[in-house]
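Chemist: Mind having a look at this structure? Questions to follow.
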Amino acid sequence: MSSTTSRRATRPRTLPVTSAMVALLLALTGCTSTTEPDRPNGSDEPETVIDLLQQDWQHVPGVTPDGAELRVTATGRSIVEQDGGGGQPDPPVDLAGTHLVGVGDFSLRASFSDVTADATLAVLDSPPVIADEFRLEPAGLRLTLRGDDLGVAVFDGSPPQDVIDPRPAEDEHVTLDDPEAELSVHRQGDQLEIASDDTTVATLPLGDVFESGELWLGLSSADGSFTVDGLTASAPGSALATAGPVAADAGPSPDGLQALAARTRPDFLVGAAVALGPLASDEDYADAFVGEFGALTPENAMKAQALSPRQGEYHFEEADALLDLAESKGIAVHGHTIAFTEAMPRWMRELPTDTDADRQASAEALLDYVSTVVTHFRGRLDSLDVVNEPFDVDQGTDLQDNVWRRVFGQGYPVVVSQAVHDADPEVRQFINENGADVPGPRQDALRQLALDTNAQGGHIDGVGLQAHVYDLGTDAISADDLATTFAAFEDAGLLVRISENDVTDAEGEDAQAEQFATVAGACLRSETCVSYTTWGVDDRYDFFVDDDGLQQGHDLLFDDGEPTPAYDAVWEALAG
């Protein structure tokens with residue numbers, strides 16, 4: 001299919017921020033800004049001062065408002081690699097709350113007390129990009145106080161040599177005379193000055209850091225806890241202001257993909273996997289998702305390593321923020337995921353299974369996790385991946401050897417399904433798998449696993465067929481194969497979701513578009529296929545690592561804010 005003018009509805013573009021618009025933004029978001037009569041450095045220009053402790057921190061893991069203070073505790077958040085190794089730190093950032101806009105030169109002042117181990121203040125140019133197995137650190141500053149040692153790290157946002165171990169462009173350590181003294185950060189032009197009790201302790205070059213005009217803030221501790229007694233931002237003039245997530249202003253398009261599909265099948269869902277960072281910060285991304293799609297799958301925010309980094313502790317803040325947004329826009333949510341070999345926190349992977357007593361204790365821990373998570377989200381999910389990618393990674397048909405299987409045996413999907421049903425009997429349950437999109441042994445094994453699970457007391461409604469097409473020579477999916485697949489699952493009494501569709505553009509945009517259209521169109525035509533979801537929204541956030549290092553993918557419906565020919569092809573397919 002040749003590239004043509006997109007049928008996506010045209011939306012007004014963002015205008016430059018003016019003082020009047022800032023005032024309107026503040027009124028709409030309920031955020032506050034105060035202009036002090038003081039004249040900084042003897043200037044006649046007034047200074048804007050914002051008390052950041054009074055802003056919205058409710059969706060930040062590990063941060064709890066405590067009167068006029070914030071209490072910060074370690075979460076243990078990390079991102080494991082596919083094989084379960086590693087553990088790249090993933091300190092939280094205030095994504096769904098308040099960030100600063102209209103930023104040029106600025107000052108930040110922070111006061112910490114009761115530091116039991118360490119205290120970190122992150123000041124970022126944009127939110128981090130969270131991939132399945134790594135985090136891309138944005139340009140910004142990280143101050144870490146540990147005893148009388150203050151670590152000052154500046155990241156310039158350039159691609160790291162090692163994605164799981166990013167190195168700062170500038171890294172200094174200074175010894176403070178008084179660790180409880182107020183810390184301040186002053187940015188003037190391309191220079192950054194760090195002070196303790198108004199005494200300069202470090203001066204660093206900034207380069208292009210903080211050129212976005214925005215500041216995103218994070219508070220975290222790696223090993224302990226601390227109290228934030230004061231946190232203010234100030235800047236000369238009146239441009240500095242607070243803002244909430246940009247997705248709050250996005251709306252559905254009457255000609256979007258979801259609206260189009262609903263004209264043919266009112267209950268059919270067109271969805272995408274999304275992340276909170278770009279939804280909060282990127283207007284193009286928010287416009288595309290809210291405008292085009294009617295279902296949301298959290299990319300990573302509902303995986304075990306995000307919800308429960310340490311045993312018995314739960315952090316639902318970011319997942320709740322995604323669900324809050326979905327509910328405010330009338331968007332359905334597909335939960336992802338419960339039992340999954342990858343993306344498990346270390347405590348879950350290392351549960352003992354050597355003896356009967358070990359397995360009993362580990363079973364209680366796993367079932368407590370299932371019950372707590374599903375109960376928390378009860379009534380808010382349309383459907384849920386109760387078991388994700390159960391078969392081996394070499395496209396075989398044997399169940400992977402994971403902690404769920406070691407604790408509960410071959411029938412662990414039955415146990416998980418029953419526990420999910422007990423916590424939320426209304427949520428539709430799915431088993432999600434890759435490589436089962438076309439007829440063959442793996443698809444047969446998936447269908448049989450769902451049937452066997454139900455025969456033994458489970459409550460599986462259907463299967464998710466991921467439909468990743470990484471290589472059109474080996475992974476291409478034909479309309480005939482899809483028709484056969486849907487018929488086979490329909491005969492078995494099971495529903496189907498196309499759950500994670502993405503397609504390489506290695507053979508050109510026309511071939512990519514044709515494959516996208518084939519999958520979306522076949523799903524819409526089958527009453528057994530109840531939803532179609534792409535694994536992501538925009539190539540701007542599509543990254544992976546291969547033997548040559550960090551790579552950016554081009555296999556989604558939007559690229560750098562613009563609809564691709566694949567979008568047009570899906571639009572045509574949904575239009576019949």
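The values are calculated or read from the model by the stated rules, or taken from the named source; none is laboratory data. This structure is a prediction, so every number in the text was calculated from the model and none was measured. Cβ atoms come from the backbone with ideal geometry, glycine included; neighbour counts cover every protein chain shown. To get the accessible areas, we keep the full protein, side chains included, count just its heavy atoms, and leave off ligands, DNA and RNA. Shrake-Rupley method; radii C 1.70, N 1.55, O 1.52, S 1.80 Å.
Chemist: Counting just the residues of the range 142-190 that are in a loop (DSSP other than H, G, I, E, B) and among the polar types (S, T, N, Q), which one comes out modelled with the lowest pLDDT?
Modeler: So, considering only residues that are in a loop (DSSP other than H, G, I, E, B) and among the polar types (S, T, N, Q), the one modelled with the lowest pLDDT is Gln161.
Chemist: Which pairs do you get when a residue that is polar (S, T, N, Q), found in the range 104-118, comes within reach of a residue that is part of a loop (DSSP other than H, G, I, E, B) and crowded, with 18+ Cβ neighbours inside 10 Å, reach meaning Cβ atoms under 9 angstrom, with the pair 6+ apart or on two chains?
Modeler: Thr116/Ser221
Chemist: So Tyr470 ticks every box in (1) under 28 Å from Gln448 (Cβ atoms); (2) touching a strand residue (DSSP E or B) at 6+ places or on another chain (Cβ under 6 Å); (3) of a type in the set (Phe, Trp, Tyr) but one. Which box is left unticked?
Modeler: (2)
Chemist: Output the qualifying pairs, or none if there are none: Cβ atoms under 6 angstrom, residues six or more apart or on different chains, first residue in the range 433-455 and open to solvent by 20 Å² or more (accessible area, probe 1.4 Å) and at pLDDT 95 or above, second residue of a type in the set (Lys, Arg) and assigned to a helix (DSSP H, G or I).
Modeler: Matching pairs, first to second residue: Gly435/Arg442.
Chemist: Give the residue that is nearest to Val416 (Cα to Cα), with candidates limited to residues of the range 456-510 that are among the hydroxyl-bearing types (Ser, Thr, Tyr) and in a loop (DSSP other than H, G, I, E, B).
Modeler: Within the range 456-510, the match that is nearest to Val416 (Cα to Cα) is Tyr470.
Chemist: Which residue is nearest to the chain's Cα centre (by Cα), if the candidates are limited to the range 280-307 and must be without any contact (Cβ under 8 Å) to a residue 60 or more places away in the chain and farther than 15 Å from Asp382 by Cβ?
Modeler: Ala301
Chemist: Looking for whichever is over 21 Å from the mean Cα position of the chain (by Cα), open to solvent by 20 Å² or more (accessible area, probe 1.4 Å) and aliphatic (A, V, I, L, M) here; the options are Ala520, Ala511. Which one fits?
Modeler: Ala511 is the lone residue from the list that is over 21 Å from the mean Cα position of the chain (by Cα), open to solvent by 20 Å² or more (accessible area, probe 1.4 Å) and aliphatic (A, V, I, L, M).
Chemist: Does the range 523-566 hold any residues that are buried (at least 24 other Cβ atoms within 10 Å of the Cβ) and of a type in the set (Phe, Trp, Tyr), and which are they?
Modeler: If the condition is that a residue be buried (at least 24 other Cβ atoms within 10 Å of the Cβ) and of a type in the set (Phe, Trp, Tyr), then Tyr532, Phe558 are the ones that fit.
Chemist: Looking only at residues in the range 332-373 that are touching a residue at least 60 places away in the same chain (Cβ under 8 Å) and hydrophobic (A, V, I, L, M, F, W, C), which one is surrounded by the most Cβ atoms within 10 Å (Cβ to Cβ)?
Modeler: Ala339
Chemist: Being open to solvent by less than 50 Å² (accessible area, probe 1.4 Å) and more than 20 Å from the chain's Cα centre (by Cα) is the filter; apply it to the range 127-146 and report the residue that is farthest from Glu211 (Cα to Cα).
Modeler: Leu145
Chemist: Quick one: Glu426 ticks every box in (1) assigned to a helix (DSSP H, G or I); (2) in contact (Cβ under 8 Å) with a residue 40 or more places away in the chain except a single one, so which number is it?
Modeler: Failed condition: (1).
Chemist: Examine the range 538-545 for a residue that is assigned to a strand (DSSP E or B) and of a type in the set (Asp, Glu), and state whether such a residue exists.
Modeler: Yes, there is a match, as at least one residue in the range 538-545 is assigned to a strand (DSSP E or B) and of a type in the set (Asp, Glu).
Chemist: Further, regarding this structure: Out of everything in the range 391-408 that is over 19 Å from Pro345 (Cβ atoms) and in a loop (DSSP other than H, G, I, E, B), what residue ends up being most open to solvent (accessible area, probe 1.4 Å)?
Modeler: Top of the filtered list is Asp394.
Chemist: Would you mention how many residues in the range 305-325 are surrounded by fewer than 23 Cβ atoms within 10 Å (Cβ to Cβ) and touching a strand residue (DSSP E or B) at 6+ places or on another chain (Cβ under 8 Å)?
Modeler: Total meeting the criteria: 1.
Chemist: Among the numbered criteria (1) touching a helix residue (DSSP H, G or I) at 6+ places or on another chain (Cβ under 6 Å); (2) under 18 Å from Ala222 (Cα atoms), which single criterion is violated by Ala153?
Modeler: (1) is the only condition that Ala153 fails.
Chemist: Something else now. State the number of residues belonging to the range 457-500 that are open to solvent by less than 10 Å² (accessible area, probe 1.4 Å), polar (S, T, N, Q) and under 30 Å from the mean Cα position of the chain (by Cα).
Modeler: So the answer is 2.
Chemist: It is to be established whether one or more residues within the range 207-214 are closer than 24 Å to Gly536 by Cβ, surrounded by fewer than 23 Cβ atoms within 10 Å (Cβ to Cβ) and out of contact with any Cys (no Cβ under 7 Å at 6 or more places or on another chain).
Modeler: Looking for residues that are closer than 24 Å to Gly536 by Cβ, surrounded by fewer than 23 Cβ atoms within 10 Å (Cβ to Cβ) and out of contact with any Cys (no Cβ under 7 Å at 6 or more places or on another chain), one finds at least one in the range 207-214, hence yes.
Chemist: Follow-up. Of all residues in the range 200-243, which are in contact (Cβ under 8 Å) with a residue 60 or more places away in the chain and polar (S, T, N, Q)?
Modeler: Taking the range 200-243 first, the residues in contact (Cβ under 8 Å) with a residue 60 or more places away in the chain are 208-243.
Within the range 200-243, Ser212, Ser220, Ser221, Ser225, Thr227, Thr232, Ser234, Ser238, Thr242 qualify.
Chemist: Among all residue pairs at least 6 apart or on different chains, which show Cβ distances below 6 Å where the first residue, located in the range 77-102, is touching a residue at least 60 places away in the same chain (Cβ under 8 Å) and at positive phi and the second is of a type outside the set (Val, Ile, Thr) and open to solvent by 10 Å² or more (accessible area, probe 1.4 Å)?
Modeler: Once the first residue is touching a residue at least 60 places away in the same chain (Cβ under 8 Å) and at positive phi and sits in the range 77-102, its partners that are of a type outside the set (Val, Ile, Thr) and open to solvent by 10 Å² or more (accessible area, probe 1.4 Å) give Gly84/Arg349; Gly87/Ser78; Gly102/Ala239.
Chemist: Right, another one. For the range 275-359, which fully contained helices (runs of 4 or more DSSP H) count at least 2 residues that are over 27 Å from Arg263 (Cβ atoms) and of a type in the set (Asp, Glu)?
Modeler: Answer list for the range 275-359: 317-329.
Chemist: Here's a follow-up. Give me the pairs, please: first residue somewhere in the range 188-199 and surrounded by 15 or more Cβ atoms within 10 Å (Cβ to Cβ), second residue anywhere and of a type outside the set (A, V, I, L, M, F, W, C) and part of a loop (DSSP other than H, G, I, E, B), beta-carbon distance under 9 Å, and either six or more positions apart or on two chains.
Modeler: Ala195/Glu182; Ser196/Asp177; Ser196/Asp178; Ser196/Pro179; Ser196/Glu182
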